[in-house]
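A.B. asks: Can you keep this structure in mind? I'll have questions shortly.
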Amino acid sequence: MQLVTCCSFKGGAGKTTALMGLCSALAADGKTIALFEADENRPLSKWKENATRRNAWDPLCEIFITDELPLLEVAYEEAAGRGFDYCLVETHHGSSELNNTVIASSNLLLIPTMLTPLDADEALATFRYIIELLIGENLAIPAAILRQRVPANRLNSSERLISEMLSTLPLADTPMHERDAFAAMKDRGMLHLNLRNAAANSSMRLTLRNLEAAMEDLRSLGKFVSSTVEH
């Protein structure tokens, strides 16, 4: 079982969106996914409730509550024993023993960020924290910045400067662009199933193109993750 963690100690950095998108990409490829939920606000559980109502939840995916270290240990053993292909984890805010354990146990660490000065600073701080932790534990785990909400057309001058600065760090191959389909995932469920449902509904023909573009971003992210952890 490959453990992939979305890391940021700042709220609003896009961890949940990244995790939801990656989950859809992997499930669309037929992978089974255990989702570990450490956030006490339960955004993933609410996502599943919304998705189930819309017929947009994939049974290849299952949520485990892991907001305490003993629960994390039990969930990991159960998921590994059941043979899940991937375990996707979202760190909670701040540094903690729980976060450190997840980071040190991961096969890949993704650090989501938007192209704003505040978000980039937080991403750099998270990246630095991770590297120091891994060095202290004598671990070699790949980590990459995942750019989010990147304009699909032209970057402004500030975004270009931030993008150039981030390019000095390991990056996920392609960003998640700024698309309505990503913003709507929390309410509408898994994107690959939204795409399937839209394709079967002639009244959603205009929406279909936007969903296809978003899904192409996610396929690229899924390929990056798979190639990184499996080689």
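The values are calculated or read from the model by the stated rules, or taken from the named source; none is laboratory data. Since this is a predicted model, take the numbers as computed values, not measurements. Note: ideal-geometry Cβ built from the backbone for every residue, glycine included; neighbour counts use all protein chains shown. All accessible areas refer to the heavy atoms of the entire protein, side chains included, with ligands and DNA or RNA removed. Shrake-Rupley method; radii C 1.70, N 1.55, O 1.52, S 1.80 Å.
A.B. asks: For segment 125-231, what ratio Rg/Rh do Cα atoms give with a Kirkwood hydrodynamic radius?
C.D. replies: Rounded to two decimals, Rg over Rh is 1.06.
A.B. asks: Of the listed peptides 167-173, 120-126, what is their order by residue-averaged count of other C-beta atoms within 10 Å, with the highest listed first?
C.D. replies: Ranking the peptides 167-173, 120-126 by packing returns 120-126, 167-173.
A.B. asks: For segment 62-114, just say rounded, prolate or oblate: build the C-alpha gyration tensor, square-root its eigenvalues into a ≥ b ≥ c, call rounded for a/c under 1.5, and beyond that prolate if a/b exceeds b/c, oblate if not.
C.D. replies: Oblate shape, in that a/c is at least 1.5 and b/c is the bigger or equal ratio.
A.B. asks: Same structure, new question: Could you tell me what a quarter of the Cα convex hull surface of the chain works out to, in nm² with one decimal place?
C.D. replies: 12.3 nm²
A.B. asks: Skip the ligands, DNA and RNA, and give the accessible area per residue of the chain with a 1.4 Å probe, whole Å².
C.D. replies: Computed with neighbouring chains in place, this is 48 Å² per residue.
A.B. asks: Counting only the heavy atoms of the protein chains, how much of I135 is accessible to a 1.4 Å probe, in Å² to the nearest 10?
C.D. replies: Using a 1.4 Å probe on the heavy atoms, I get roughly 120 Å².
A.B. asks: So which chymotrypsin sites (Phe, Trp or Tyr not before Pro) in segment 41-81 end up in coil per DSSP with only 14 or fewer other C-beta atoms within 10 Å?
C.D. replies: Listed in order of number, the matching sites amount to none.
A.B. asks: Right, here's the next one. Is segment 43-138 rounded, prolate or oblate when judged by the Cα gyration tensor, a ≥ b ≥ c being the square roots of its eigenvalues, rounded requiring a/c under 1.5 and prolate requiring a/b larger than b/c?
C.D. replies: oblate
A.B. asks: Just how large is the dipole of segment 2-230 about the Cα centre, in debye to the nearest 20, putting +1 at every Lys and Arg Cβ and -1 at every Asp and Glu Cβ?
C.D. replies: 1060 debye
A.B. asks: State the answer as a single residue: which of G83, L22, I63 lies farthest towards the positive end of the charge dipole of segment 2-230, with beta carbon charges of +1 for Lys and Arg and -1 for Asp and Glu, about the Cα centre.
C.D. replies: L22
A.B. asks: A181: net charge of surrounding residues, Cβ under 12 Å, Lys/Arg +1, Asp/Glu -1, itself excluded?
C.D. replies: That works out to -2.
A.B. asks: Tally Lys/Arg at +1 and Asp/Glu at -1 over every other residue whose Cβ is under 9 Å from the Cβ of L115; what's the total?
C.D. replies: Every neighbour counted, the sum reads +1.
A.B. asks: For D85, what is the net charge nearby, where nearby means another residue's Cβ is under 11 Å from its Cβ and Lys, Arg count +1, Asp, Glu -1?
C.D. replies: Summing Lys/Arg as +1 and Asp/Glu as -1 gives 0.
A.B. asks: Is the C-alpha gyration tensor of segment 25-76 telling us rounded, prolate or oblate? Criteria: a/c under 1.5 is rounded; beyond that, a/b larger than b/c is prolate, otherwise oblate.
C.D. replies: oblate
A.B. asks: Rank these by accessible area, largest first, 1.4 Å probe: K186, K223.
C.D. replies: Descending order: K223, K186.
A.B. asks: Give me the percent of accessible area attributable to carbon and sulfur for the chain, probe 1.4 angstrom.
C.D. replies: 48 percent
A.B. asks: Express the relative contact order of the chain as a whole percentage, based on alpha carbon pairs under 8 Å and six or more residues apart in sequence.
C.D. replies: Relative contact order here is 28 percent.
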